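Working notes, structure below.
Just so you know, all these numbers are worked out from the coordinates, no wet-lab data involved. On a predicted model such as this, the values are computed, not experimentally measured, just so you know. Quick reminder, even Gly has a Cβ in these numbers, built from the backbone with ideal geometry, and neighbours come from all protein chains shown.
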């Protein structure tokens, strides 16, 4: 069970107060994904018993998957897919979600890293090479794999 007051505070976030998916931008999507990940202890705790119904969150996450898959925002796509695996078992995923994962994985570079967005100029690497534009997304994709594997265990 989440710590005292966490669920009450979560109900004040965009994940619970959003009028609907039409208001979904990057900031809102990060709010939704981080709320789900914190409440679920990064996928280790099911949210159904805590929240009652997760259907509205699934609708928001699905809209996020579509939005950020289309735009090539790999970081938010990976976070949204991670949350989708927290909210429902992989076996219940519609085929289009599996296709979005395939798109995400085709964005991998030869070193295994994934840029945050398909439009990142990898030739303009800074002092730390591509680290700044790749590390978070690469970690989130690894988390996605772990959460999916944990859910199937």
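Between residue 58 and residue 17, the modelled labels are 2.6 nm apart [label points 7 Å from Cα along Cα→Cβ].
For the peptides 58-69, 10-21, the ranking by packing is 58-69, 10-21, with the highest mean count of neighbouring Cβ atoms within 10 Å listed first. Modelled spin labels at residue 118 and residue 50, positioned 7 Å past Cα toward Cβ, are 3.3 nm from each other.
Modelled this way, with points 7 Å down the Cα-to-C-beta line, the labels at residue 136 and residue 110 are 2.8 nm from one another. Extension gain, residue 30-residue 98: 0.36 nm per intervening residue step, less the Cα-Cα distance, totals 22.4 nm.
Going by how many other Cβ atoms sit within 10 Å of their own, how do 80, 110, 88 line up, fewest first?
110, 88, 80
Decide, for region 6-152, between rounded, prolate and oblate: order the square roots of the alpha carbon gyration tensor eigenvalues as a ≥ b ≥ c, take rounded if a/c falls under 1.5, and otherwise choose prolate if a/b is larger than b/c, else oblate. Since a/c reaches 1.5 and a/b is larger than b/c, the shape of region 6-152 is classed as prolate. Full extension of the chain between residue 91 and residue 8 gives 26.8 nm of extra length, using 0.36 nm per residue less the Cα-Cα distance.
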